[in-house]
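A short write-up of the structure that comes next.
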Amino acid sequence: MEIMEGELRRLRSGLEAEDDQQRLFLVRVRFTAEDPARVIADAREVLTRVVERTGDWPAFERWPQLLPTWFVERCAPEPREPEPSEHLDVEAWLRQWRAMTPTERAAVSEGPWTLSGWLYYFDPTEEGAGDDRSWWWWHAGTDSSGGGWVEVATTGWPFGSGSLSWLIEASGGTNLAYGP
């Protein structure tokens, strides 16, 4: 819980002197945007609302009211529930997946995330992966080239960065690049 309390403090007010004492594995993701400061502010707003609720995780139905409307609207539609007569032909799906090129597989993974898919990575209940998060907000800023960056504390490299990438993209960042 201490890690999330520090994350929430940094989301709300930025780095403090005590943060410099910690020795963590930090990764920076750079992005471009018309207004990188706005991207950072928007990403902070969304993540703050999520991290604030990790102690008392709301039901999924409540999240569209808890998160900014613009973020919810940028997420992909939730998949519909299958009819009882429908069933997934796993073998057919697997054959189709295996027949795809790496580029085709990557394209399937890109694009907007569903809200439920994104929240899964923060959900601390048994239904989610929040107890095993792989990144925490550390710092963010803009640079002289007109771009922006977000720095996160991670469990190592590589790490599960998809939820971070979607947060930045939904906030208006493009051309994401991980590194120094």
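The values are calculated or read from the model by the stated rules, or taken from the named source; none is laboratory data. Since this is a predicted model, take the numbers as computed values, not measurements. In case anyone asks, the SASA skips ligands and DNA or RNA and just uses the protein heavy atoms, side chains included. Shrake-Rupley method; radii C 1.70, N 1.55, O 1.52, S 1.80 Å.
Side notes on the structure shown:
- Positions within region 55-75 being not in a helix (DSSP H, G or I) and not acidic (Asp, Glu), in sequence order: Gly55, Trp57, Pro58, Ala59, Leu67, Pro68, Cys75
- Residue match in region 157-165 (condition: among the aromatic types (Phe, Trp, Tyr), over 16 Å from Arg49 (Cα atoms) and modelled with pLDDT of 95 or more): no
- Scanning region 30-54 for residues that are of a type outside the set (A, V, I, L, M) and part of a helix (DSSP H, G or I) yields Pro36, Arg38, Asp42, Arg44, Glu45, Thr48, Arg49.
- Region 162-180, subset open to solvent by less than 10 Å² (accessible area, probe 1.4 Å) and among the aliphatic types (A, V, I, L, M), residue nearest to Asp143 (Cα to Cα): Ile168
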